[in-house]
Amino acid sequence: MGILGGGQLGRMLAIAARRMGYRVHAYEPQPDCPAGQICDLEVNAPYTDSASLRAFAEGVDVISFEFENIPRSAVEAVASLRPVRPRGEVLHICQNREREKTFLQANGFPCAPFRVVDSGEALRTALAEIGTPAVLKTADFGYDGKGQIKLTGEVDADEVWRQFGAPRGVLEKWIPFQAELSVVCARGLDGTIAAFPASENIHTNHILDLSIVPARFAASILKTAEELASEITRKLDVVGLLAVEFFLTSNGELLVNELAPRPHNSGHFSFDACVTSQFEQQLRAVCGLPLGSPELLRPVVMWNILGDLWKNGTPDWSALLGDPRAKLHLYGKSEARPGRKMGHMCLMAGTIEEALAGIKKLQAVVSRKA
């Protein structure tokens, strides 16, 4: 199994693969990456190094990736030698907001009204059509709220465009939503689809803080979210995983916000709380194995552990693990920085209310000691 990217998602994929007897190689420009600590081989070279990419591909049987910001040329270099799943075109669509939104709109999937802009003049026209409030986002890259500007009231389009600093952008109508949720969906080589239960996601400073499963919404909303995620996965011809993030609007409508063709932060609960984790499911799909059951075993809350907790030194893990239901996952990152995802914790209980209360208590304990 070859993995392009060496972050925590690759690490957890490698753990699942090693448990099932696979050898794993990771390709990551930075040394001592979280995935490399688990893998049999860690290749450290730029994504522009075609010779290293070819040598990496020749050493594995199948390749997947663990994040989107991989140059298309790198994927094409390895795809000429070994199967890459999901296919490179899926990555190409999902790593760019313009292509992603255009795909959703062209195929009739619900998303916020948007316009593609490439100048101050184009932005002025788009604002006249969409109005404010709106959000200007970079077409390429951007995650956890990065590469975005919220526009309200009267806007000087030329000045905003100068500050924006990107060659192309997507202007989206601001959606007054009541909640965010996501569904991680798997599709196998035979076209079989299995969707994990929808996760209710709570963000702090644009970064995922808590994922709550089962999500606390009407059954009809959860069913629609799973159906939409499954249909998008099928339409994209994904072999592997696709995470679909949704806004739930104030009038109860689901709008697709973003797509990610890989394991997703909001799906980490599955590592402990499902029959098959999202990482094992990714492995099964890309290796041509039958998909496992995504069944939820118990209600669970997942908490993202960020580098902010290290401001006064290493957190007191014994305080966290004092709750015997708590499951701690640390990613092996050498440097803790504010906002950096360093690990996560899952807590399962008989009810969501009980699991959420347990996580809140642990957060309070650790924050007081931080």
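The values are calculated or read from the model by the stated rules, or taken from the named source; none is laboratory data. Keep in mind that what you see is a predicted model, and the values were worked out from it rather than measured. A quick note on method: Cβ atoms are made from the backbone with ideal geometry, for glycine too, and the neighbour counts reach across all protein chains shown.
A few comments on the model shown:
- Filtered by the rule that a residue be within 16 Å of the chain's Cα centre (by Cα) and part of a loop (DSSP other than H, G, I, E, B), region 189-207 gives Phe196, Pro197, Ala198, His206.
- Some residue of region 62-75 being of a type in the set (Phe, Trp, Tyr), crowded, with 22+ Cβ neighbours inside 10 Å, closer than 22 Å to Glu258 by Cβ and modelled with pLDDT of 95 or more: yes
- Selection from region 208-243 of residues that are of a type in the set (Asp, Glu) and either touching a helix residue (DSSP H, G or I) at 6+ places or on another chain (Cβ under 7 Å) or assigned to a strand (DSSP E or B) (or both): Asp209
- Screening Phe217, Phe196 for residues that are under 21 Å from Ser277 (Cβ atoms), of a type in the set (Phe, Trp, Tyr) and either modelled with pLDDT under 95 or surrounded by 13 or more Cβ atoms within 10 Å (Cβ to Cβ) (or both) leaves exactly one candidate, Phe196.
- Residue match in region 20-43 (condition: assigned to a helix (DSSP H, G or I) and either surrounded by fewer than 18 Cβ atoms within 10 Å (Cβ to Cβ) or in the same structural domain as Pro263 (by TED's automatic domain parsing) (or both)): no
- Flag if Pro167 is part of a loop (DSSP other than H, G, I, E, B), in contact (Cβ under 8 Å) with a residue 12 or more places away in the chain and closer than 18 Å to Ala260 by Cβ: no
- Every residue from region 142-172 that is modelled with pLDDT of 90 or more, charged (D, E, K, R) and under 25 Å from the mean Cα position of the chain (by Cα): Lys150, Arg168, Glu172
- Unique residue being out of contact with any strand residue (DSSP E or B) (no Cβ under 6 Å at 6 or more places or on another chain) and more than 30 Å from Ala45 (Cβ to Cβ) when the list is Val155, Val90, Val117, Val135: Val155
- Output for region 149-188, where each listed residue is touching a Phe, Trp or Tyr at 6+ places or on another chain (Cβ under 6 Å) and among the aromatic types (Phe, Trp, Tyr): Phe177
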